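Participant: Before I ask anything, let me first share the structure, which is written out below as structure tokens.
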Ligand code: SAM
């Protein structure tokens, strides 16, 4: 345990020993900085009561830290070539289970239920493959897992969009989709130099803390998310114009104006100025009008 995986030297050794070549298409950028990993573990509050779920263990840099601090670790890895490597690098840790599966196909709820001990908190921690960050997080949030928090290393711009506040250029339908389920905060920005190979983009660590209840009551979640998306379809257009475009044949401009007036939302505003409560009000009003 003294020779940590997440150092440039040890990582080089492991890659060389197995003749491993990075697959860009799988978003393989491995962490080579133990300090960052220890910070993440501390921020998440991983301790010996924790069940940790990891997505994409790579050669085990983060997995090792999770194994040292958590009770159990379950890690999903899609790349078959990494399985024998992980078997070797994590051989000292008996509390790790590596699952060879695409996380997008995984039944995470079931695996959690099969492993969970009474009163055990579950935390998802990952240095995500950047090419599918949004699909992975969307899937995991929609699965409504019994998870306390998701702490993920992702592209800085995407982290900013997920944690954005209204009236900010990063604020959009992704913000609402994420903040409907969680409380989002950027914990730290991370330089490119802590990865091997270095990615082309800057990274941040984002923490999503699961909410007990959504912050707003909506009549129909799918309808709500569609309306939100419609309001951001053309960011520089007014709310009313985006809605006219979206409702096309269903409601004309006049009807839309009447509904907006009734709920007290000015149609000349832009979508990016509406907070989550206002989006809920809007979606519920149109949903009701449709009945
Ligand atoms: N956790 C390691 C680290 O921090 O050094 C590796 C992180 S690397 C950014 C992303 C990892 O996710 C790679 O090991 C890659 O093979 C894996 N991966 C990519 N797509 C995946 C998917 N759909 N399901 C599971 N793992 C995936």
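Each reported figure results from applying straightforward, stated rules to the coordinates on display, with no laboratory input. Because the structure is a prediction, the values reported are computed rather than measured. In this analysis, Cβ positions are derived from the backbone assuming ideal geometry, glycine residues included, and neighbour counts consider all displayed protein chains.
Participant: How high is the relative contact order of the chain, in percent, with contacts defined as C-alpha pairs under 8 Å that are six or more residues apart?
Facilitator: After rounding, I find 14 percent.
Participant: Under 1.5 on a/c is rounded, so check that first for region 160-291, then, if it is not, pick prolate when a/b is larger than b/c and oblate when it is not; a ≥ b ≥ c are the square roots of the alpha carbon gyration tensor eigenvalues.
Facilitator: Prolate, since a/c reaches 1.5 and a/b exceeds b/c.
Participant: OK, next. Once the principal axes of the Cα atoms of region 39-85 are found, what is the range along each, listed largest first in whole angstroms?
Facilitator: Cα spread of region 39-85 along its principal axes, largest to smallest: 31, 18, 14 Å.
Participant: Just subtract the alpha-carbon distance of residue 120 and residue 185 from 0.36 nm times their residue separation and send over the number in nm, one decimal.
Facilitator: Computed gain between residue 120 and residue 185 is 21.1 nm.
Participant: What ranking do 171, 180 get, fewest neighbouring Cβ atoms within 10 angstrom at the top?
Facilitator: Ordered from fewest to most neighbouring Cβ atoms within 10 Å, 171, 180 come out as 180, 171.
Participant: Shifting gears a bit: Under 1.5 on a/c is rounded, so check that first for the chain, then, if it is not, pick prolate when a/b is larger than b/c and oblate when it is not; a ≥ b ≥ c are the square roots of the alpha carbon gyration tensor eigenvalues.
Facilitator: Prolate.
Participant: What ranking of 218, 178 emerges when the number of other C-beta atoms within 10 Å of each C-beta is taken as an exposure proxy, fewest first?
Facilitator: 218, 178
Participant: Out of the DSSP beta bridges found with both residues in the chain, what percent are antiparallel (nearest 5)?
Facilitator: 45 percent
Participant: I would also like to ask the following. With a cut-off of 8 Å between alpha carbons and a minimum separation of six or more residues, what is the relative contact order of region 29-154 in percent?
Facilitator: Computed over region 29-154, the figure is 27 percent.
Participant: Rounded, prolate or oblate: which fits region 32-135, taking a ≥ b ≥ c as square roots of the Cα gyration tensor eigenvalues, rounded meaning a/c under 1.5, else prolate when a/b beats b/c?
Facilitator: In terms of gyration-tensor shape, rounded.
Participant: Continuing with the same structure: Pairing the Cα long axis of helix 276-289 with the longest principal axis of the chain, what angle in degrees results, from 0 to 90 and rounded to the nearest 10?
Facilitator: On a 0 to 90 degree scale, this one is about 50.
Participant: Quickly work out the residue 248-to-residue 43 label distance, labels modelled 7 Å from Cα along the C-beta direction, and quote it in nm with one decimal.
Facilitator: The modelled label-to-label distance comes out at 4.3 nm.
Participant: Okay, next question. Would you mind checking the tilt of helix 34-44 against the longest principal axis of the Cα atoms of the chain, expressed as 0 to 90 degrees and rounded to 10?
Facilitator: Rounded to the nearest ten degrees, it is 50.
Participant: Moving on. Taking the chain as a Gaussian network, Cα atoms linked when under 10 Å apart, which of 27, 264, 58 shows the biggest mean-square fluctuation?
Facilitator: Of 27, 264, 58, the most mobile in the Gaussian network model is 264.
Participant: Where the centroid of each part is defined by its Cα atoms, how far is region 231-257 from region 12-70 in Å?
Facilitator: After rounding, the separation between the Cα centres reads 46 Å.
Participant: Hey, another quick one. Specify the angular offset, from 0 to 90 degrees and rounded to the nearest 10, of the alpha carbon long axis of helix 133-142 from the longest principal axis of the alpha carbons in the chain.
Facilitator: Helix 133-142 sits roughly 70 degrees off the main axis of the chain.
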